[in-house]
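What follows draws every value from the coordinates through simple rules; no lab data is involved. The model shown is predicted, which means the values in this text are computed figures rather than measured ones. Virtual Cβ from ideal backbone geometry, glycine too; neighbours counted across all protein chains shown.
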Amino acid sequence: MIKIINLPMELQDEILDFIPLTTDFLFKSLWVKGSTDTKKFFYRVIKRIVGYDVSDFDLRYNELPIDTKESVFNKVDIILVAKDRKRIVNIELNKTYYKVLMNRNESYLYKIAGNFYAGRKKDKYEKDLLVDQVNLNCFKAKDNEGISVSEFSMKDKNNNIDLKSIRLFNIYIPIISISCYNKEEQLDYKMFEAKSFKEMAMYAKGNKERMSVLKDMIHVMTAEEDLMTPEERRDFSKALEKEIRKNARREGLKEGRVEGRKLGIKEGRIEGQANIVKQLLNSGMSKEELSQRLNMSLNELNF
């Protein structure tokens, strides 16, 4: 069994390539496979926005059926469904702005509501449904860069009556992270803007849930095992191979067989850890000091 190096926090930025929380596969994996405290972090962020608790909602992700007859699917980020199926929250993380982004996100909202009511059973139409879409935008609003949050719902302008069966929230993280009055809320949003482990550790300090997010992120970047099965996330697996397991043997990955893939990853992990040890030794750190810092014996440092 290969022992995975547990890098001290102060060495993370020197050794690992930082992958921000706004990276698609990382954001999704923390929702699905993150620890309890990491999920609490996400739940409280969403609760602030939609106004109700989502911690006991069922989690769905990755594919939203558009035309089941033709087996056509669209990729979405995270969908939360209430136990009674009367409330649905679709969460979209948008790292950068592009021309059709907002139209695309709106289409997800309408398709989710439409899929709920699709079918011929009368009782389905009798249910009161609330579909909320939360767009976590890592950029400023194009029409007004000072906007921190915008909320849209259907409204009768003449009679001032809201029809809140669907709502759309645009959260502009660069603005809300500096404009909200609550310091803890600011720090929650700052986690999405961090550009290094040290910066993220600064925002996470003193808060168990934010610190859990940081630890889980590092675990995703250094873990030997797959955190998600191919059935759970086919695209996620490819992203892991490309962005995390850079040292894995190509032949092991290309074979596609379970044993071949595991062998390639393990060999790649050995190479990766050997490179980490060499980098630290070249920086002037002795083997004895390195042994203590990494909690590894001197024999384990001899790759």
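Data for the structure
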{"item": "Neighbourhood charge, 11 Å Cβ-Cβ cut-off, centred on residue 212 and excluding it, Lys, Arg +1 and Asp, Glu -1", "result": "+2"}
{"item": "Charge-dipole axis of segment 19-222 as Lys and Arg at +1 and Asp and Glu at -1 on Cβ define it, positive-most pick from 160, 207, 116", "result": "116"}
{"item": "Cβ-defined net charge surrounding residue 156, 14 Å radius [Lys, Arg +1; Asp, Glu -1]", "result": "+2"}
{"item": "Ordering of 136-143, 181-188 by burial proxy (mean other Cβ atoms within 10 Å per residue, highest first)", "result": "136-143, 181-188"}
{"item": "Integer Hz, Karplus 6.51/-1.76/1.60 couplings in order for segment 210-217, x for Gly and Pro", "result": "5, 5, 5, 4, 4, 5, 5, 4"}
{"item": "For segment 19-222, fraction of C-alpha pairs farther apart than 25 Å, in %", "result": "40 percent"}
